[in-house]
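What follows is a single structure, written as structure tokens, with notes after it.
The values are calculated or read from the model by the stated rules, or taken from the named source; none is laboratory data. Here the structure is a predicted model, which means the values were calculated and not measured. When we count neighbours, we look across all protein chains shown, and the Cβ atoms used for this are built from the backbone with ideal geometry, even at glycine.
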Amino acid sequence: MTTKDDTAGGFSRQERAAIKDRAVELRADVKRAATADKVAAEEADVLAKIAAMPDGDREMAERLHAILADVAPELTAKLYYGQPGYARGGKVVVFFRSGQTDKQRYSTVGVSPQAALDESSGFWPTSYALTGPTADAWEQISALVRRAGAQEQR
């Protein structure tokens with residue numbers, strides 16, 4: 001029996017619903033692909049920025065990038081004021097500033113308020129100077145990054 005919704009050459013109500021569902025799926029696939037491409041493009045931008053840094057700063061930025069990939073893989077790379085940053089939900093949590101590029105005395109690694117590392121003392125550092133960090137300093141940086149990456153967004 002043909003109803004108003006089931007005309008000759010037309011789609012039934014169920015077919016139209018299936019087409020709509022498929023359209024939603026396809027849009028979601030496109031969005032996911034665009035997001036994956038965006039993340040890959042941002043990572044490539046950060047790696048290119050690191051590769052272009054002067055000796056010394058480049059090695060420190062490469063080491064920090066490797067630490068982040070190891071201890072906080074949930075953070076994604078993106079440029080932050082033209083320098084390497086690492087974000088959660090699009091908001092930078094950890095960043096590196098090249099002292100040589102910025103014409104400063106030293107490079108820094110820092111955390112943004114999104115890191116939510118509030119200490120009970122009401123006073124804590126948000127950036128650290130890097131002047132040839134030791135193995136112990138890299139361990140401390142790893143611990144800081146691990147804490148920053150593990151925090152929930154406020």
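Brief remarks follow.
- Annotation note: of GLN104, GLN114, the sole residue that is more than 30 Å from ASP55 (Cβ to Cβ) and of a type in the set (S, T, N, Q) is GLN114.
- Filter pass, THR101 being surrounded by 10 or more Cβ atoms within 10 Å (Cβ to Cβ) and free of Cβ contacts under 8 Å to residues at least 24 places away in the same chain: no
- Hey, ALA116 touching a residue at least 24 places away in the same chain (Cβ under 8 Å) and among the small types (Gly, Ala, Ser) or not: yes
- Any hit, the stretch 72-83, residues being within 18 Å of SER127 (Cβ to Cβ), at pLDDT below 95 and loosely packed, with under 13 Cβ neighbours inside 10 Å: yes
- Scanning the stretch 118-150 for residues that are among the hydroxyl-bearing types (Ser, Thr, Tyr) and surrounded by 11 or more Cβ atoms within 10 Å (Cβ to Cβ) returns THR126, SER127, TYR128, THR131, SER142.
- Screening GLN83 against (1) farther than 14 Å from VAL145 by Cβ; (2) in contact with a Gly (Cβ under 7 Å, 6 or more places away or on another chain) leaves a single unmet condition, (2).
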